[in-house]
Structure formats: structure tokens, C-alpha cells
Amino acid sequence: MKKQIQTLTALSLLVATGVVIGQNTRFSDPDTVIKQEFWNNLYAGGGSSFFCEKEFKTKGFMLTDGYVYPLADIRSALDCGTSRQCDQDNRYRQIASDLHNMVPVNNRLEMKRHNVRYENLNQSIPTDDCGMRESAGFFEPPERVKGDVARTMAYMVDTYGLPWLGAPPVFKGWNRQDPPDDTELTRHRRIAEIQGNENPFVTSPDRIERL
């Protein structure tokens, strides 16, 4: 009996350790992470905006730190109150500091994406200059980053217990349609170095099928 208890305790510790390793446990100050780690480290040499693929050398006034899983939806899922109240919630601060969910985006686009859900929209809806479709609170990203969105969404759902922002089969389809490319893999490696944990859905894309 004693051995069984010891075994169960060891397994519990392994599971707990796995949870910790799978999360951002290094950062919990969103404002500092955005300034020091996101813009001055991850994108210190410039890059391309996520959805529109517009190159930049430094952060201009038209760019902002965007979130594949929007912060408003995280606050809603955690039910931590207003934006100011959630800023005092340690769980929210940890999730909001996760670099795997942060991307450089155009200011106007980030405002438009608030409270939308991801979906495959009808082909009759025209795409904009960046290859995106929008309709009645739904948003379809450009083909080239659909897989990136799906793998980030899966990470946020699996790691933090957040709800899907759209139908799971849609994200699974995007994951198969758009596998990780060099740009995504390079960014992922840099985030893992900075933050200390990986997104397992980037390193093992088939894992999303088990969610």
C-alpha cells in the first residue's frame, strides 16, 4: 500500500512538473514583457507584421503588440473583472505575458479583431489587401498564417484551459493545410529561448488532433 501511495505521489509530481514546464512561468508583468522582451528582444532587428506581412525595422506608431487569442477573451474566460481588475490577477498577468500568443500587428486591425471568432467564411466574401475575410463578428486570417493561428490557439486552449475561439475542426483543418514554415519555426525557437517553454503544437503539429 505504501509503495502504491509513493507511486501515485511521484506520478502527481510528474504531471504537475509537466504543467509548469508547459506554461510561461518566467514572465508575469505584461507591460515589461511587451517593451523589453517582445519589441526590444524578439523583434529587436525588425520583422514582418503577422497578418499583413508588412516589413518593419522598428516599432512605428502604426504597429502594436497583438494577440492571436485576444486579451479581452482571456479576461472573459477568467472572469477576472474589468481590464484594471484583471491586471491585478496573477493568473491573467501570466497568460497576458506569454510571448507565444503575441504578434506584431497593425493598430487598426487589432482593434477590429476584438471579440471576433475565427471561421472559414464564404468564398463570396472578398478578401482585403492582406488576404483576410471578415463578416458579422467572424474573422478568417490569410492562408499563409492559418496554421500559425491554429497552433497558437491550441497552445492557449491546452496550456491555460481557455475555450476555443471558434470550432475546433476549423483550427485542425488550418493546421493540416498550413504546416510550420521556417518563419514560424525560427520565431518559435527564439521565444522558447527567451521564455523558457515551447509550444508543443509547433514542434509536433499532429498533437492538435488529440485535443
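Just so it is clear, none of the values below were taken in a lab; they were calculated from the coordinates. Quantities reported herein were computed from a predicted structural model and do not represent experimental measurements. Backbone-built Cβ (ideal geometry, glycine too); neighbour counts: all protein chains shown.
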Q. In nm, to one decimal, how far is the modelled label at Ala167 from the one at Asp79, with both set 7 Å along Cα→Cβ?
A. 2.8
Q) Taking H as built 1.01 Å from N, whose amide H comes closer than 5 Å to the amide H of Phe138, not counting residues under 5 places away? A) Arg117
**Q.** Note, ³J(HN,Hα) from phi for the stretch 178-188, Karplus 6.51, -1.76, 1.60, rounded to Hz, x at Gly and Pro
**A.** 10, x, x, 9, 4, 4, 5, 5, 5, 4, 4
Q) Which of the listed residues, Val105, Gly147, Asn90, is farthest toward the dipole's positive end in the chain, when Lys, Arg count +1 and Asp, Glu count -1 at the beta-carbon? A) Asn90
Q) So what J values fall out for the stretch 55-68 if you push phi through Karplus, 6.51 cos²θ - 1.76 cosθ + 1.60 with θ = phi - 60°, rounded to Hz, Gly and Pro as x? A) 6, 9, 9, 9, 6, x, 6, 8, 9, 8, 7, x, 9, 4
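For the chain, just run the numbers: alpha carbon Rg, then divide by 2.2 N^0.38 Å, N being how many residues it has. Mind dumping the intermediate values first?
Numbers: Rg = 18.0 Å, N = 211, 2.2 N^0.38 = 16.8 Å.
Relative to the rule-of-thumb radius for its length, the chain sits at 1.07.
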**Q.** ³J(HN,Hα), Karplus 6.51/-1.76/1.60, whole Hz, each residue of the stretch 122-127, x for Gly, Pro
**A.** 4, 4, 6, 7, x, 8
Q: Along Cα→Cβ, 7 Å out, is where each label goes; now give me the distance between the ones at Asp206 and Met62 in nm to one decimal.
A: 4.3
Q: Within the set of other residues whose C-beta is less than 10 Å from the C-beta of Arg133, count the net charge using Lys and Arg as +1 and Asp and Glu as -1.
A: -4
Q. Residue farthest toward the positive end of the dipole of the stretch 2-210, with Cβ of Lys/Arg at +1 and Asp/Glu at -1: which of Met156, Gly131, Gly46?
A. Met156
**Q.** Spatially close lysines, pair count over the chain: Cα under 18 Å, gap of eight or more or interchain
**A.** 6
Q.
Suppose every Lys and Arg Cβ carries +1 and every Asp and Glu Cβ carries -1, with no other charges. What dipole size does the stretch 2-210 come out with about its Cα centre, to the nearest 20 debye?
A. 520
Q: Run the numbers on the chain and let me know its relative contact order in percent, using alpha-carbon pairs under 8 Å that are six or more apart.
A: 22
Q) Do any GluC sites (Glu not before Pro) in the stretch 82-190 lie in a loop, going by DSSP, with at most 10 other beta-carbon atoms within 10 Å of their beta carbon, and if so which? A) none
Q: Grab the Cα-Cα distance for Asn120 and Thr32, subtract it from 0.36 nm times how many residues apart they are, and report the gain in nm with one decimal.
A: 28.2 nm
